[in-house]
There are 2 protein chains.
Amino acid sequence: MISSDDLLPVGLEDALPQRARAITEAMRAVLDAMDAHGYDRVRPPLVEFEKSLAGRMEGVATRRMVRFTDPDSLRTLALRSDMTVQIGRIAATVMAAAPRPLRLCYAGDVALLKADQLDPARQRLQLGAELIGSDGVAAASEIVSVAIDALKGAGIGNISVDFTLPDLVDTLADKALPLDPAAREAVRRELDTKDAGGLTAAGGEAYLPLLYATGPFAEAVEKLAALDVGGVLASRIAGLRAIAETIGARARITLDPTERHGFEYQSWFGFTLYGEGARGALGRGGTYTIKGSEEAATGFSLYMDPLLEALGSRPAEARKVLFLPLGHDRDVAARLRAIGWRTVAAITGEEDPAVLGCTHRLDGDEADEIS
Amino acid sequence: MISSDDLLPVGLEDALPQRARAITEAMRAVLDAMDAHGYDRVRPPLVEFEKSLAGRMEGVATRRMVRFTDPDSLRTLALRSDMTVQIGRIAATVMAAAPRPLRLCYAGDVALLKADQLDPARQRLQLGAELIGSDGVAAASEIVSVAIDALKGAGIGNISVDFTLPDLVDTLADKALPLDPAAREAVRRELDTKDAGGLTAAGGEAYLPLLYATGPFAEAVEKLAALDVGGVLASRIAGLRAIAETIGARARITLDPTERHGFEYQSWFGFTLYGEGARGALGRGGTYTIKGSEEAATGFSLYMDPLLEALGSRPAEARKVLFLPLGHDRDVAARLRAIGWRTVAAITGEEDPAVLGCTHRLDGDEADEIS
């Protein structure tokens, strides 16, 4: 009988064999793609001093962290809710003397005590890569390329990348389209929700054309350039074009220059990754400054759940599994495993090989198909 | 400047590139070996209800778990300190209807709030396999074989397996060498410390010969059989011989029938894994009954730290890394990555390829060795 103690807390789940297998395969593919581009994996711990984690992130996320008191130091510890800040800490401390650019990648579980209303999951598998020491066009081009290769490696089809300019409003308000500092946040919000009426009401009438500089990259970037009369966006626009050119035909590129959801800490460039089969974003990235060390960096993060959603509709590869009856030749079985067979050995002698998922049965040194 | 907030709590560490790479490689090798024997990986969550975890384990370990209150359910949650109990829960609940024997494996981080005096690590990477539905000789033989294959796959040399009989004292005391129930614990303890004087003082004089039935398996099991005058150990001894025979020459086998450290919940059979280069055990396993569901099972666990210690003395494989200068042909670089090259692209144009660890430099479509 299953008691309530056997249930899992809301937002926490077991990944059973089929899902766990898909996770392992996707994770290996993503890590292999990052490794091929020269990114070294690091493994920070699950738990750190709360101050160390919180001090390197923006305000909102810290309130959702799991906290507890360390019986050793009596200080507050927290379960990590984001690995990017841990990579920043490593780059700023133990790897401060490593040559730049420093390429690091990671894959690991992060936990949030309080679930998001839109996403009840309280544990996520986060994967990503960070190029530390540069936030220029070359770094951004490389990071977008690595992200695309990682998704392709995992089997994601029809990849599209949506570019944004996270500091667009500040840049324009400082130089070309003056805005009362008090109005900036309202203008950002109305641009984000793409509400023309609200934007005008918030005093952002001059920003209205930005709402239409969206869509497929080639046309949208032309519209953005056309409204940049003062040329304050010129270097950003040239950067976007250069990144898009290095991507070429490997992914569909779109532009949504005012999108800021998920780009709270990015600087001039941000991007969102999409793929066939997933309703939402597969991941995000961009340029930023590491909080604390103030070093320039560019990176991206993927999350396993939307990746699996995107991959979910594909049929799993049929696997050949060999049943080994009682008294089978162990050396033959070992040789067959060495060439890639998966084996399932009899324990009681009363097993039904088909029920155990076997497709073949060892007879002497022959693998006979089970009909 | 590094502030104290940037330090990690005692017992928690970053695995930097070299170590993280060794972990990833060893983990893949161990998982692949378990997979080849038909073990399906599952991924239970990092956090569960404390009652669910504690209810399935022995007393001591539960006091070392990290606990906190769930803001959602207001119940106490805990960070897992052992994955075996999670596999037991999965087998007893969501996979209760799956055909037996059920073969599951796992690899993941576990955390202990309070460090052990002998081992300050508060986070460990645990890996293992469980065969659920049997605790007989065939199950034990398979589990020992899988453990050996996992260690060999990870590159461990000179593997030895030390067999033990965890319920030996109870079996003898019930049937052949009567012992006051009050004396059993003392006798077990003196056998464990191999103290002949203490054993006699504890009233366990009749158990003295057990202290000498240890060492290389063939001789030690003969000594054990010779002192089993009543034949109460006959089935256990036959079991040990059968397991040893299936292992053959793949590992050195020893017997220490009274060893019980680390075998608090095993039944008739337990084993400890050793390998060249590690001072302590690489892992342990044996037969047991899943607490709660009372189903028979056999399994083993490995820990990454001693595995890495054993592998540490080996030189890392030299890797060819290709520097891609500014303006390189991206298609050529992609083709080279596809055939296994690792690339490191120029970002500023001022990098020294050798400092970044590169062994080759792309010139047109040629990889020139850097001298």
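A short reminder: the numbers here are calculations on the coordinates, not readings from a lab. This one's a predicted model, so the numbers in the text were calculated from it and none came from an experiment. Cβ: placed from backbone, ideal geometry, glycine included. Neighbour counts: every protein chain shown.
Tell me, how many Å apart are the Cα centres for region B:218-262 and for region B:145-180?
Between the Cα centres of region B:218-262 and region B:145-180 lies a distance of 8 Å.
Nm distances between the label at A:GLY157 and the same-position labels in the remaining copies, 7 Å along Cα→Cβ, shortest first?
4.9
Work out the P(r) tail for region B:14-86: percent of alpha carbon pairs separated by more than 15 Å, whole number.
66
How large is the translational diffusion coefficient of chain B in µm² per second when you combine the Kirkwood radius over alpha carbon pairs with Stokes-Einstein at 10 °C and 1.306 mPa s?
It comes out at roughly 67 µm²/s.
Rank A:LEU224, A:THR258, A:GLY153 by how far each Cα sits towards the positive end of the charge dipole of region A:134-265 (+1 on Lys, Arg Cβ; -1 on Asp, Glu Cβ) and give me just the farthest.
Of the candidates, A:GLY153 comes out farthest on the positive side.
Counting other beta carbons within 10 Å of each residue's own, what order do A:LEU53, A:LEU307 fall into, fewest first?
By the 10 Å Cβ count, ascending, the order reads A:LEU53, A:LEU307.
Which lysines, on any chain, are close to B:LYS175 with Cα under 21 Å apart, when same-chain ones fewer than 8 places away are left out?
Within the straight-line cut-off, B:LYS175 pairs with B:LYS223.
Would you tell me which residue of chain A has the beta carbon closest to the rotation axis bringing chain A onto chain B, and how many whole Å away it is?
A:PHE68, 2
In whole Hz, with x marking every Gly and Pro, tabulate ³J(HN,Hα) for region A:94-99 from phi via Karplus 6.51 cos²θ - 1.76 cosθ + 1.60, θ = phi - 60°.
4, 10, 4, 8, 5, x
Return the FRET efficiency for the residue pair B:VAL232, A:ALA97: r is the Cβ-Cβ distance, R0 is 60 Å, and the value is rounded to the nearest 0.05.
The computed FRET efficiency comes out at 0.40.
With θ taken as phi - 60° and the coefficients 6.51, -1.76 and 1.60, list the Karplus ³J(HN,Hα) couplings across region B:36-50 in order, rounded to whole Hz; mark glycine and proline as x.
Calculated HN-Hα couplings, in order: 4, 8, x, 8, 8, 6, 10, 10, x, x, 5, 10, 9, 4, 4 Hz.
Only Cα pairs under 8 Å and at least 6 apart count here; give the relative contact order of region B:321-369 as a rounded whole percent.
Over region B:321-369, the number comes to 50 percent.
Among the GluC sites (Glu not before Pro) within region A:275-358, which fall in a DSSP loop and have no more than 13 other Cβ atoms within 10 Å of their own Cβ?
When the GluC sites (Glu not before Pro) of region A:275-358 are filtered for loop state and at most 13 Cβ neighbours within 10 Å, A:GLU276, A:GLU294, A:GLU317, A:GLU350 remain.
If we count every other residue with Cβ under 10 angstrom of B:ALA92's Cβ, Lys/Arg +1 and Asp/Glu -1, where does the sum land?
0
Once the dipole of the protein assembly as shown is set up with Lys and Arg at +1 and Asp and Glu at -1 on Cβ about the Cα centre, which of A:HIS37, A:ALA182, B:PRO120 lies farthest towards its positive end?
The residue sitting most towards the positive pole is A:ALA182.
Under 5 Å between amide hydrogens, which residues at least 5 positions from A:ALA345 or on another chain qualify, with H placed 1.01 Å from N in the peptide plane?
A:LEU324
I need the trypsin sites (Lys or Arg not before Pro) found in region B:78-167, filtered to DSSP loop residues with at most 15 other beta carbons within 10 Å of theirs.
Of the trypsin sites (Lys or Arg not before Pro), the ones in loops of region B:78-167 whose Cβ has at most 15 other Cβ atoms within 10 Å are B:LYS114.
Could you work out how far helix B:181-193 tilts from the main Cα principal axis of chain B, as a 0 to 90 degree angle to the nearest 10?
The helix B:181-193 is inclined about 50 degrees to chain B.
In what order do A:TYR207, B:TYR212 fall by count of nearby beta-carbon atoms within 10 Å, going from fewest to most?
Going from sparsest to densest Cβ surroundings: B:TYR212, A:TYR207.
Let me spell out the model: positive unit charges on the Cβ of Lys and Arg, negative unit charges on the Cβ of Asp and Glu, origin at the Cα centre of region B:122-262. What dipole size does that give, in debye rounded to 20?
With only Lys, Arg, Asp and Glu charged at Cβ, the dipole is about 400 debye.
For a label point 7 angstrom out from the Cα of A:GLN18 toward its Cβ, which stretches of region A:85-121 have the backbone nitrogen within less than 19 Å?
None, by backbone N distance to the label point.
Hey, fewest Cβ within 10 Å first, where do A:THR246, B:THR254 land in order?
Exposure proxy ranking, most exposed first: A:THR246, B:THR254.
Taking every pair of distinct Cα atoms and averaging 1/r, then inverting, what Kirkwood hydrodynamic radius in Å comes out for region B:146-233?
The Cα-based Kirkwood calculation yields 14.5 Å.
Please list, in chain and number order, the residues 5+ apart from B:VAL321 or on another chain whose amide H is under 5 Å from its amide H, with Hs placed from the backbone.
Placed amide hydrogens put B:THR359, B:HIS360 under 5 Å from B:VAL321.
Which distances in nm, rounded to one decimal and ordered from shortest, link the label point of A:ALA226 to the equivalent label points in the other identical copies, with labels set 7 Å from Cα toward Cβ?
Copy-to-copy label distances for A:ALA226: 9.9 nm.
Sorted from largest down, what three extents in whole angstroms do the Cα atoms of the protein assembly as shown have along their principal axes?
Largest first, the protein assembly as shown extends 101, 55, 53 Å along its Cα principal axes.
Can you tell me which lysines have their Cα less than 30 Å from the Cα of A:LYS114? Leave out same-chain residues fewer than eight positions away.
A:LYS51, A:LYS194, A:LYS291, B:LYS51, B:LYS114
Whole number please: convex hull volume per residue, Cα atoms of region A:321-369, in Å³.
Convex hull volume per residue, Cα atoms: 64 Å³.
Within the set of other residues whose C-beta is less than 15 Å from the C-beta of A:GLN123, count the net charge using Lys and Arg as +1 and Asp and Glu as -1.
Result for the neighbourhood of A:GLN123: -3.
Might you report the magnitude of the Cβ-based charge dipole of the protein assembly as shown about its Cα centre, with Lys and Arg at +1 and Asp and Glu at -1, to the nearest 20 debye?
The dipole of the protein assembly as shown has a size of about 400 debye.
Label position 7 Å from Cα toward Cβ: report the copy-to-copy distances for A:VAL332 in nm, one decimal, ordered from shortest.
Result for A:VAL332, in nm, nearest copy first: 5.2.
In region A:36-116, which GluC sites (Glu not before Pro) are in a loop and have at most 13 other Cβ atoms within 10 Å, using DSSP for the loop call?
In loop regions of region A:36-116 (DSSP not H, G, I, E or B), the sparsely surrounded GluC sites (Glu not before Pro) are A:GLU58.
Whole angstrom only: what separates the Cα centroid of region A:16-89 from the Cα centroid of region A:329-344?
38
Select from A:PRO353, A:GLY364, A:ALA334 the residue farthest towards the positive end of the dipole of region A:321-369; place +1 on Cβ of Lys and Arg, -1 on Cβ of Asp and Glu, and compute about the Cα centre.
The one lying farthest along the dipole's positive direction is A:ALA334.
Treating only the Cβ of Lys, Arg, Asp and Glu as charged (+1, +1, -1, -1), what charge dipole size does region A:321-369 show about its Cα centre? Round to the nearest 20 debye.
300
Before rounding to the nearest 500, sum -39500 (n - 2.57) across all DSSP H runs of length at least 4 in chain B and divide by the residue total; then give [θ] at 222 nm in deg cm²/dmol.
-10000 deg cm²/dmol
Each residue of region B:206-219 in order: what ³J(HN,Hα) in whole Hz does its phi give by Karplus 6.51 cos²θ - 1.76 cosθ + 1.60, θ = phi - 60°, with x for Gly and Pro?
Couplings: 4, 8, 3, x, 4, 5, 9, 8, 10, x, x, 4, 4, 6 Hz.
How far apart, in nm, are two points set 7 Å out from the Cα along the Cα-to-Cβ line at A:ALA354 and at B:ALA338?
That separation, rounded to one decimal, is 4.2 nm.
Mind pulling the angle between the C-alpha long axis of helix B:234-247 and the longest principal axis of chain B? Nearest 10 degrees, somewhere in 0 to 90.
Once rounded, one gets 20 degrees.
Using Cα pairs closer than 8 Å and at least 6 residues apart in sequence, work out the relative contact order for chain B, in percent.
Relative contact order here is 16 percent.
List the residues whose amide H sits under 5 Å from the amide H of B:ARG41, counting only those 5 or more places along or on another chain, with H placed 1.01 Å from N in the peptide plane.
Under 5 Å from the amide H of B:ARG41 lie the amide H atoms of B:CYS105, each far enough along the sequence or on another chain.
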